[in-house]
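Here the structure comes first, spelled out in structure tokens, and everything after it is commentary.
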């Protein structure tokens, strides 16, 4: 396998229960649902999804809200445009982002206002994708190496790498430029084990599955937000001004490439 393989991080959760004389009841306090804003502006246009958080004792529902006013302003040239909901309920616009420009997303809903600013960073380009198999104590595991360009003259760059399996979200990670060598970063992600009968559904890949990588440069603030989410016990630092909400707004060019999951050799 070409490139570099990063070390693996194993997460263990240990639940202890012993010798309790008294039964403990955990009471969940009801709180009002919180607005979640997930906004992006790329070289192809803008998308903003509005949802509400779901109480812990209720099933998750991904219902998009459309009763809002959503707009994006190009702060560099003092222009703004409104987004309209499509058939999915996601606010969209065909207006394309421009590298080097700063943008502000504004959302108004139920008398509350929310805003966030993001500058569109220079693009990076995915130069290659390759699957390889590595031997682990429990099985052989397929690892995917995604190679992409990095400006060697700049330091402290951060990237958001997302993988999709047959068009649906699969895995994601953040990458920093300390992995850069000769202007190229080789990021490796573990995917599916060989024995699919023992693999979790969320990780399983089968021969012929299409794996698509989406790569975007991000600010340090966005990187820290994603890192906090990856821990699993945090909503991340607050990204919006105005009324309280969750979510993010990212203006960034996106590089995309796909690969078929190969047969085991």
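The values are calculated or read from the model by the stated rules, or taken from the named source; none is laboratory data. These numbers were taken from a predicted model, which means no experiment stands behind them. Note that each Cβ is placed from the backbone with ideal geometry, even for glycine, and that neighbours are counted across all protein chains shown.
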Counting only residues that are closer than 30 Å to residue 191 by Cβ and modelled with pLDDT under 95, give me the strands (runs of 3 or more DSSP E) lying completely in the range 78-135 with at least 1 of them.
-> 126-135
Specify the residue that is farthest from residue 133 (Cα to Cα); the eligible residues are those in the range 230-241 that are in contact with a strand residue (DSSP E or B) (Cβ under 9 Å, 6 or more places away or on another chain) and surrounded by fewer than 17 Cβ atoms within 10 Å (Cβ to Cβ).
-> 241
Of the residues in the range 135-148, those that are surrounded by fewer than 18 Cβ atoms within 10 Å (Cβ to Cβ) and touching a strand residue (DSSP E or B) at 6+ places or on another chain (Cβ under 6 Å) come to 139, 140
When the residues of the range 232-265 are filtered to those that are touching a helix residue (DSSP H, G or I) at 6+ places or on another chain (Cβ under 7 Å) and modelled with pLDDT of 95 or more, which remaining residue is farthest from residue 167 (Cα to Cα)?
-> 239
Residue set 193, 158, 165; condition at pLDDT below 95, crowded, with 16+ Cβ neighbours inside 10 Å and touching a strand residue (DSSP E or B) at 6+ places or on another chain (Cβ under 9 Å); output residue 193
In the range 154-178, residue nearest to the chain's Cα centre (by Cα) [restricted to those that are outside any strand (DSSP E or B) and within 23 Å of residue 211 (Cα to Cα)] = 167
Kindly indicate whether any position in the range 242-254 is out of contact with any strand residue (DSSP E or B) (no Cβ under 7 Å at 6 or more places or on another chain) and assigned to a strand (DSSP E or B).
-> no
For the range 243-252, indicate whether the set of residues that are over 16 Å from the mean Cα position of the chain (by Cα), more than 30 Å from residue 111 (Cα to Cα) and either surrounded by fewer than 19 Cβ atoms within 10 Å (Cβ to Cβ) or without any contact (Cβ under 8 Å) to a residue 24 or more places away in the chain (or both) is non-empty.
-> no
